Amino acid sequence: MKFLSSYFAILLVFVLLACKDSKPKENRLSPQVPVEVEDPLDAIEVEQQKALENAYFYVMAPSGLALRTSDRPNSEKITTLPFGSKVKQVSPVFTIDYTIENIGGSMMEVNYKDTIGYAYSGFLSPYPMPVKGEETNIYVQRLQKVNPEVSFNEKRTDPEFHEGIVQTLRLPNVEWHEAFYLAKAQFNVPKSLNFPGHEGDARQVISQQDKAEYVWSSDLVAMRTSGRLDTLQYNWRAEGGGYWITITEPRSGVMTIEYIAFAD
């Protein structure tokens, strides 16, 4: 009997060991293979790089824009990109690193006539700039090639007002400063008047200091609510007539530029 008891005890040990060995073994000396999870930023970069195939921008700075050797604003200048010149974006930009002339932006890597360099993104727009003397309706046709949602209409002024015209241009997907510089080029806002920025008094009047003697008034008026622009207006007046340009954002993401010219 003692022999049988010993036999069954040994058999029980083997059964328990067999059950233990049937469980999955964990190799604690080998690192665990991570589950591959797509990085959202990588996905964004992929889409951005696809967009770069057709990512063209136009220089808004009236006096031209520096093309530099690196992503530092004070790095060596390669050349000056003329106003209205076209560049192709080379690499994506995700941040706003600097503020220059009240405009936020970063140094964007671009290609200009096969020369690679960096230009300040705050003065680059996906919309082409107007050509001097170009009629507004013709210019709008070029804008619509970039974005078909751009709209334009023209009418005569109210008969009770001075004789003149009213032109209204609606631009989707632009910032305040883009609308300002586009209006500045198309509707003759003096070069010496720059974008005033979002911060400042509720009503700020900036007068042109270098206006001609025959000009009665030439003023840029910025109106703000809670530290954000809600209206930009440029007023010009001289003997025989005048005009004003009003920029507003009546609904989010769509800027409206209204040009009213009249004769006395």
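The values are calculated or read from the model by the stated rules, or taken from the named source; none is laboratory data. As the structure is a prediction and not an experimental result, all values here were calculated from the model. A quick note on method: Cβ atoms are made from the backbone with ideal geometry, for glycine too, and the neighbour counts reach across all protein chains shown. In case anyone asks, the SASA skips ligands and DNA or RNA and just uses the protein heavy atoms, side chains included. Shrake-Rupley method; radii C 1.70, N 1.55, O 1.52, S 1.80 Å.
Can you tell me how many residues within the range 224-234 are without any contact (Cβ under 8 Å) to a residue 24 or more places away in the chain and either surrounded by 17 or more Cβ atoms within 10 Å (Cβ to Cβ) or on the phi > 0 side of the Ramachandran plot (or both)? Outline the logic, then answer.
The first filter runs over the range 224-234 and keeps only residues without any contact (Cβ under 8 Å) to a residue 24 or more places away in the chain, leaving 225-226, 230-231, 233.
This time we only want the ones that are either surrounded by 17 or more Cβ atoms within 10 Å (Cβ to Cβ) or on the phi > 0 side of the Ramachandran plot (or both), so: 226.
Of the residues in that region, 1 qualify.
Yes or no, residue by residue, for (1) in contact with a His (Cβ under 9 Å, 6 or more places away or on another chain); (2) among the hydroxyl-bearing types (Ser, Thr, Tyr):
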| position | (1), (2) |
| --- | --- |
| GLY122 | yes, no |
| ARG156 | no, no |
| GLU163 | no, no |
| GLN209 | no, no |
| TYR214 | no, yes |
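Quick check on the range 188-199. Is at least one of its residues under 19 Å from TYR56 (Cβ atoms) and of a type in the set (A, V, I, L, M)? Before you say what the answer is, go through the steps one by one.
So the first thing to find is which residues in the range 188-199 are under 19 Å from TYR56 (Cβ atoms), and the list is none.
No, that holds for no residue.
What single numbered condition from (1) surrounded by 15 or more Cβ atoms within 10 Å (Cβ to Cβ); (2) in a loop (DSSP other than H, G, I, E, B) fails to hold for PHE152?
(2)
Taking the conditions exactly as written (in contact with a helix residue (DSSP H, G or I) (Cβ under 9 Å, 6 or more places away or on another chain) and either at positive phi or charged (D, E, K, R) (or both)), does GLU160 satisfy them or not?
Details: in contact with a helix residue (DSSP H, G or I) (Cβ under 9 Å, 6 or more places away or on another chain): no; either at positive phi or charged (D, E, K, R) (or both): yes.
For GLU160, the condition - in contact with a helix residue (DSSP H, G or I) (Cβ under 9 Å, 6 or more places away or on another chain) and either at positive phi or charged (D, E, K, R) (or both) - is not met.
Suppose the filter is open to solvent by less than 20 Å² (accessible area, probe 1.4 Å), under 25 Å from MET129 (Cα atoms) and in a helix (DSSP H, G or I); does LEU171 pass it? First the steps, then the outcome.
Values: open to solvent by less than 20 Å² (accessible area, probe 1.4 Å): yes; under 25 Å from MET129 (Cα atoms): yes; in a helix (DSSP H, G or I): no.
No; evaluated as a whole, the condition is false for this residue.
Output the number of residues of the range 206-220 satisfying the condition of being buried (at least 17 other Cβ atoms within 10 Å of the Cβ) and in a strand (DSSP E or B).
2
Among the residues of the range 212-264, write down those that are more than 25 Å from LYS155 (Cβ to Cβ) and of a type in the set (D, E, K, R).
Residues satisfying the conditions are GLU213, ASP219, ARG224, ARG228, GLU239.
Which residues, counting only those in the range 235-253, are closer than 19 Å to LEU182 by Cα, open to solvent by less than 40 Å² (accessible area, probe 1.4 Å) and hydrophobic (A, V, I, L, M, F, W, C)?
Passing the criteria: ILE245, ILE247.
Cβ-Cβ distance below 9 Å, separation of 6 or more or different chains: which pairs start in the range 149-160 with a residue that is farther than 20 Å from GLY253 by Cβ and end on one that is outside any strand (DSSP E or B)?
Sorted first by the residue in the range 149-160, then by its partner, the pairs are GLU154/THR136; GLU154/ASN137.
Does PHE262 count as closer than 22 Å to GLY104 by Cα and surrounded by 16 or more Cβ atoms within 10 Å (Cβ to Cβ)? Please lay out each step first, then the result.
Numbers: closer than 22 Å to GLY104 by Cα: no; surrounded by 16 or more Cβ atoms within 10 Å (Cβ to Cβ): yes.
No, not satisfied.
Could you count how many residues in the range 69-94 are charged (D, E, K, R) and touching a Gly at 6+ places or on another chain (Cβ under 6 Å)? Working first, answer last.
As a first pass, look at the range 69-94 and keep what is charged (D, E, K, R): 71-72, 76-77, 86, 88.
With touching a Gly at 6+ places or on another chain (Cβ under 6 Å) added as a condition, the list becomes none.
So the answer is 0.
Tell me, please, whether a residue that is in contact with a Pro (Cβ under 7 Å, 6 or more places away or on another chain) and either open to solvent by 70 Å² or more (accessible area, probe 1.4 Å) or of a type in the set (Asp, Glu) (or both) can be found in the range 189-202.
Here is the first cut: in the range 189-202, the residues in contact with a Pro (Cβ under 7 Å, 6 or more places away or on another chain) are 191.
The next check asks that each one be either open to solvent by 70 Å² or more (accessible area, probe 1.4 Å) or of a type in the set (Asp, Glu) (or both); those that pass are 191.
Yes: the range 189-202 contains one or more residues that are in contact with a Pro (Cβ under 7 Å, 6 or more places away or on another chain) and either open to solvent by 70 Å² or more (accessible area, probe 1.4 Å) or of a type in the set (Asp, Glu) (or both).
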